[in-house]
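In what follows, a structure is listed as structure tokens, so that the remarks can point back to it.
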Amino acid sequence: MANDLPTDNNSELERELDRLFAAYREAIPDPVSGPDFMPTLWKRIQARTSLAANLRRWAEGFVTAAAAVCLLLAFLAASSVPQSFWVERAVASPDELASGSIPEPRTLEIAAMDNGGTNLR
Amino acid sequence: MVDHELIERAKGGDDAAFGQIVSSCKGWVLGTIARLIGRPEDVDDVGQQVFLRLYQSLGQLRSPEVFKPWLYRLTVNASYDYLRRRRRRMETRVADLSEQQMIAADMAEAERRRDDAASKAQVRELVQTLLAGISEEDRILLLLKEVEGLSLRELEAIYHVNENALKVRLFRARQRVLRALPASGWGAVRGKR
């Protein structure tokens, strides 16, 4: 390969590089765009905006569905009868407690701890 | 320079105003892309990417004064994406060729051409080969400075990086290209011109 560039003189090399860049600038002038540049650009813009609109519609639909499910679950939770505890029922109806219609809760008595606390009755 | 009122109208969703902006900026945007990527056949595609991104993000432009550096930035980013894609394609295609073989092949191909267009093609390929030795970021920065003639202040506005950091990057990139220049075949090409 022909090579007549100086390898030791840095300033001369710098000038050669500047010349090369100038030649490159000259070799690639501002191009003239094709006749379908603008129509293609508008097509791409429309495709992108319609994609974005579709995604937005899907996202909105998803949020609406999620909100509906939340409302439904909240309604179901509110409408179900809660299981009251024995204490609540006893306090609310002392007569029933006296008549024995409310069974007393089971009790666990912990025996004296002299056997290591494992003797439960 | 694009009229500020036109930019404001385009920001407000006026497609006719946007079309006028494209028409007035298309020349220098496509020219810059052509020199950054070095492939005239792909310029329209990358240029459309730039204006598509412009259309999508015009609403985020803070003030019309920064429009030009901002459009430069979009141009640089689109060119950078293109170069990265192309490098990936080339790596898979010519992974087994050494750089010297590629230079020799490019030069042999280029030397077969005899007219002015061939001479320009030689210069183009030679610069592309030289710039292949540096990263895409440095390549674009170097070309913006050396070929597009942008000042450090303009580069600062595009990159949002301080002048000293830019100087260091430019110096290193230029030094790498300089080191590769003697063996590039530029002497022979220049002799023929």
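The values are calculated or read from the model by the stated rules, or taken from the named source; none is laboratory data. Small disclaimer: the values here were computed from a predicted structure and weren't measured. Cβ: placed from backbone, ideal geometry, glycine included. Neighbour counts: every protein chain shown. Each accessible area value is taken on the protein alone, full model and side chains, heavy atoms only, with ligands, DNA and RNA left out. Shrake-Rupley method; radii C 1.70, N 1.55, O 1.52, S 1.80 Å.
For the stretch B:38-72, residues that are away from chain A (no Cβ under 11 Å) and basic (K, R) total 2.
Taking the criterion of being open to solvent by less than 70 Å² (accessible area, probe 1.4 Å) and touching a helix residue (DSSP H, G or I) at 6+ places or on another chain (Cβ under 8 Å), the residues of the stretch A:19-35 that qualify are A:L20, A:F21, A:A23, A:Y24, A:A27, A:I28, A:P31, A:S33, A:G34.
Selection of first residues in the stretch B:138-159 that are touching a residue at least 40 places away in the same chain (Cβ under 8 Å) and closer than 11 Å to A:F21 by Cα and of second residues that are in a helix (DSSP H, G or I) and open to solvent by 40 Å² or more (accessible area, probe 1.4 Å), restricted to Cβ pairs under 7 Å at least 6 apart or on distinct chains, gives the following pairs, ordered by first then second residue: B:V147/A:R25.
If you go through the stretch B:49-80 and keep only what is closer than 15 Å to B:F18 by Cα and either open to solvent by less than 10 Å² (accessible area, probe 1.4 Å) or not in a helix (DSSP H, G or I) (or both), you end up with B:V50, B:F51, B:L52, B:L54, B:L58, B:L61, B:F67, B:L71.
For B:V123, the conditions (1) surrounded by fewer than 16 Cβ atoms within 10 Å (Cβ to Cβ); (2) in a helix (DSSP H, G or I); (3) of a type outside the set (G, A, S) are fulfilled apart from (1). Listed by position, the helices (runs of 4 or more DSSP H) contained in the stretch B:152-193 that have at least 3 residues being away from every other protein chain (no Cβ under 14 Å) are B:152-159, B:163-180. Candidates in the stretch B:23-37 are the residues that are surrounded by 22 or more Cβ atoms within 10 Å (Cβ to Cβ) and not aliphatic (A, V, I, L, M); of these, the one that is nearest to the other protein chains (Cβ to nearest Cβ) is B:R35. Of the listed requirements (1) at pLDDT below 65; (2) under 20 Å from B:G133 (Cα atoms), B:E111 misses just one: (2).
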